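Notes for the one structure printed next.
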4 protein chains.
Amino acid sequence: MILDVSTFSRAMGEFTATALLMIVGCMGVAMSFPDEAGFLVGSFQYGLTVCIVVHVFGCISGAHANPCVSISCCILGHIAMDMMLAYVACQLAGGLAGYYFLMAMLPAAVIEHNYPAVCVHDPMAELSNFQLLAIEFILTSVLVLGWCALWDVRNDNCPDSAPIRMGLLVTACGIAGNNLTGASMNPVKTLIPLLFDDYRGTFYPQLAGQALAAVLVPCIWCTAFANSDKPIETVHGRPKRT
Amino acid sequence: MILDVSTFSRAMGEFTATALLMIVGCMGVAMSFPDEAGFLVGSFQYGLTVCIVVHVFGCISGAHANPCVSISCCILGHIAMDMMLAYVACQLAGGLAGYYFLMAMLPAAVIEHNYPAVCVHDPMAELSNFQLLAIEFILTSVLVLGWCALWDVRNDNCPDSAPIRMGLLVTACGIAGNNLTGASMNPVKTLIPLLFDDYRGTFYPQLAGQALAAVLVPCIWCTAFANSDKPIETVHGRPKRT
Amino acid sequence: MILDVSTFSRAMGEFTATALLMIVGCMGVAMSFPDEAGFLVGSFQYGLTVCIVVHVFGCISGAHANPCVSISCCILGHIAMDMMLAYVACQLAGGLAGYYFLMAMLPAAVIEHNYPAVCVHDPMAELSNFQLLAIEFILTSVLVLGWCALWDVRNDNCPDSAPIRMGLLVTACGIAGNNLTGASMNPVKTLIPLLFDDYRGTFYPQLAGQALAAVLVPCIWCTAFANSDKPIETVHGRPKRT
Amino acid sequence: MILDVSTFSRAMGEFTATALLMIVGCMGVAMSFPDEAGFLVGSFQYGLTVCIVVHVFGCISGAHANPCVSISCCILGHIAMDMMLAYVACQLAGGLAGYYFLMAMLPAAVIEHNYPAVCVHDPMAELSNFQLLAIEFILTSVLVLGWCALWDVRNDNCPDSAPIRMGLLVTACGIAGNNLTGASMNPVKTLIPLLFDDYRGTFYPQLAGQALAAVLVPCIWCTAFANSDKPIETVHGRPKRT
């Protein structure tokens, strides 16, 4: 990691990306929470915010905005270890700043309406800790698989709709898991709101699932789905689909 | 079919793609089923999951995740017969594994809430068997037509938004047919849940419609819509639209 | 118009495209009509079906599926007059065939539930005939403007997400006008259902608005928005955005 | 600014774009307003209309349709000062014309149903003026950041899905802020409806937030996120994502 203007841009990018993810994403969730279709609106809003973040910051820092993504990126060799640590630090700081400003902008009535707290979902009571871990592992794995596909050399000719595809992926994972584990798939989104509240619910299994996915999925990608070394067959300029 | 690392990657791709289709797609359906707008959320979620699967596995195995698609792909000559059989076997195994893990992750209360079973729709009682076959044939035909267009040499310069387009296609077919036949358009999605339940409803007509579409549509595509042999006229690099 | 295999493909393409537009689009509308959010689902479904049709038939016939679009295309000089007439004839025949099969596939209970008829919207009673004409003119103009932009040489490097963009355009026009005029923006969709029903409502003003848009918009496009003759300035390969 | 046919096209483009933004966007909002999910439909419709406008007018005038965007564009040096002033004048005139025609087309019953007026949202009573300014500043900043990313040389190979990405961005900002400040993010949309109504609510803080974002965000973009001068590293033709 060379401390030049490009590294500064990237760090600022991750900071702002994560801050906006918290502000825009959680503001939408907070405004629709009391509604019974709230889990749908929340999933949709979280996906749309990921779309915004990848659109704006994709060309600056890669728009991870998620420690799991940065860890996977490092394991796959796309960024160095020290850059990954800088990314994670900026993400935590950005998430903290974003959530703080969000709390300052929302009226007290809205904040009280959101139970247990803004952007915090209590996991479903019937789930065992192992089930919580398994569900959050699966959903975070899908997210990391999406990023692995995006970084893959075989998709290098498809950068255009990447923000939309990642946004839709996050929406689908949210619809699937929002009422089960909260489907945050992001340690920043899981941890930061807890600093502001005296929360007594379960969140360790979700964190463990997220960490497991961040480490295991890139290893599986390299083993099972990696590009074989021979040059890709192309039909008229794109990888042959069969 | 040469048993090398690339064939292994493809087989693993189809296995994982179909497993995720069952897990993420059916988890979302299971969580929203009791709702009266459930058929909308279900269609949307199934479409989004297809989008995820095509995004992640499109560059690995083609992301069929559906025996009908693999059969059509083989009839059009894009994959060999033995590869097609391997694909179908991996899809069935993947669907079975995915549904099994989904059952292990969902709490019993959610599973009981889903009637007749998670990811199973009873066809509308007023429909005759012939109507069931016709509707499922039309919907699966639309799906296979979408894949035929994607594989066509004339769309080779448009791979970027393919996951989104296929996802929207599946969503539209779901909204149209979900309350009629269930609109699964996928033998794996129709059959696997029945292995876990003592289901007594109608599912043969839907399967027949799916099989018919898988065989007829590629033949129609070759006959009526095939690229004529002369080189395509292009205006500034893309096929001339008229 | 040379009667070769390519002309046959195009005619078949328009026939099938319009048939699918009626079957998939109207099936979704018919299944959600009694719901109070029906106009939303209907608009969304009509937009998604346009997305499917442009995706599948865009490379075959251009996927007009709408006489207004073919007339505009002819006025702009992209297709010849005799080809335009063949397109319109195929669209009418396709719409008729599609609606007929749809009626055969839907159970009687669903058909009766849809008032006044499947895929027919009574215009809002408070609207004068002139207002009906104006609203349908504006909405059809937006649709034709969308096609004009798609055909424009300045957008030739953007064919990829065209199906999605046209689908979203139709969705937005539907949400705006569905409860006012029905927002069909398509003479086939306006007329064909009336052949099957003894309908006594207002539909001439809408037709007049559609026809007016089909003729006026391409003229306005050529006059006000046409590409000036000097070569386009490009920045790194795409038209300079300012 | 040279007064030639290209400048005329651009001015006409901005005029028509803003007029359509008001007509199609506000028509959809007006028809769904009494519904309790109105803020969702309104946000979705505003986003879709932005998608239409960018799709149709992107190649003509850049499809700003928003004085904040034109001001930011000028600060970043993409258009000259006199062109910017012409753009803003055309946007105001277009917004006025569009809203006037919309009022003429809607029946009186619909207009009365919309409180306080068609396309006007009362800000949430609990918000202080400073909070209103802060929220509208953040949301408009996200919009301007989206445009900055679109104009950036590093995204020059991604023009295709730009209309969809901008539409989704506006949707997300609307879901977040619609019930708080109205989330117009556009001085034209904030001011024009007030000319037609005797409105006594708060709108100065929102305008101030919009103006602040239009000026500050491009400066931040240049300082923190600008492309460093060295040529971009590319992997297989696209900017290296890390």
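The values are calculated or read from the model by the stated rules, or taken from the named source; none is laboratory data. Note that the structure is predicted; figures quoted are calculated from it, not measured. Don't worry about glycine lacking a Cβ; one is built from the backbone with ideal geometry, like all the others, and counts go over all protein chains shown.
Of everything in region C:101-122 that is crowded, with 22+ Cβ neighbours inside 10 Å and either polar (S, T, N, Q) or assigned to a loop (DSSP other than H, G, I, E, B) (or both), the residue that is modelled with the highest pLDDT is C:Leu106. Among residues belonging to region D:148-157 that are assigned to a helix (DSSP H, G or I) and touching a residue at least 12 places away in the same chain (Cβ under 8 Å), point out the one that is nearest to the other protein chains (Cβ to nearest Cβ). Among residues in region D:148-157 that are assigned to a helix (DSSP H, G or I) and touching a residue at least 12 places away in the same chain (Cβ under 8 Å), the one nearest to the other protein chains (Cβ to nearest Cβ) is D:Arg154. One residue stands out in region C:171-187 among those that are part of a helix (DSSP H, G or I) and within 10 Å of another protein chain (Cβ to nearest Cβ): the one that is nearest to C:Met124 (Cα to Cα), namely C:Gly177. Does region D:179-201 hold any residues that are of a type in the set (Ser, Thr, Tyr) and surrounded by 15 or more Cβ atoms within 10 Å (Cβ to Cβ), and which are they? Of everything in region D:179-201, those that are of a type in the set (Ser, Thr, Tyr) and surrounded by 15 or more Cβ atoms within 10 Å (Cβ to Cβ) turn out to be D:Thr181, D:Ser184, D:Thr190.
Evaluate region D:22-36: report whether one residue or more is touching a Lys or Arg at 6+ places or on another chain (Cβ under 8 Å) and either more than 29 Å from A:Val24 (Cβ to Cβ) or among the β-branched types (Val, Ile, Thr) (or both). No: region D:22-36 contains no residue that is touching a Lys or Arg at 6+ places or on another chain (Cβ under 8 Å) and either more than 29 Å from A:Val24 (Cβ to Cβ) or among the β-branched types (Val, Ile, Thr) (or both).
Scoring B:Tyr115 on the criteria (1) within 30 Å of C:Leu106 (Cβ to Cβ); (2) touching a Phe, Trp or Tyr at 6+ places or on another chain (Cβ under 6 Å) leaves a single failure, condition (2). Just so you know, in region B:59-77 the residues that are within 12 Å of chain A (Cβ to nearest Cβ) and part of a loop (DSSP other than H, G, I, E, B) include one that is nearest to B:Gln210 (Cα to Cα), and it is B:His64. Based on what the data block shows, is D:Tyr87 at the interface with chain C (Cβ under 10 Å from one of its Cβ atoms), assigned to a helix (DSSP H, G or I) and hydroxyl-bearing (Ser, Thr, Tyr)? So D:Tyr87 fits the description; yes.
When region D:103-129 is filtered for residues that are in contact (Cβ under 8 Å) with a residue 40 or more places away in the chain, within 14 Å of chain C (Cβ to nearest Cβ) and small (Gly, Ala, Ser), nothing remains. Looking at this structure, is D:Ala172 at negative phi and surrounded by fewer than 18 Cβ atoms within 10 Å (Cβ to Cβ)? Taking the combined requirement at face value, the residue does not satisfy it. In region B:17-34, the qualifying residues are those that are modelled with pLDDT of 90 or more, over 13 Å from the mean Cα position of the chain (by Cα) and at the interface with chain A (Cβ under 8 Å from one of its Cβ atoms), and the one that is farthest from B:Ala108 (Cα to Cα) is B:Val24. Among the residues of region B:171-185, those identified as touching a Cys at 6+ places or on another chain (Cβ under 8 Å) and modelled with pLDDT of 95 or more are B:Ala172, B:Met185. For region D:131-147, residues that are within 8 Å of chain A (Cβ to nearest Cβ), crowded, with 24+ Cβ neighbours inside 10 Å and either aromatic (Phe, Trp, Tyr) or more than 13 Å from the chain's Cα centre (by Cα) (or both) total 2. Considered as a group, the residues in region A:35-58 that are more than 7 Å from chain D (Cβ to nearest Cβ) and hydroxyl-bearing (Ser, Thr, Tyr) include one that is surrounded by the fewest Cβ atoms within 10 Å (Cβ to Cβ), and that residue is A:Ser43.
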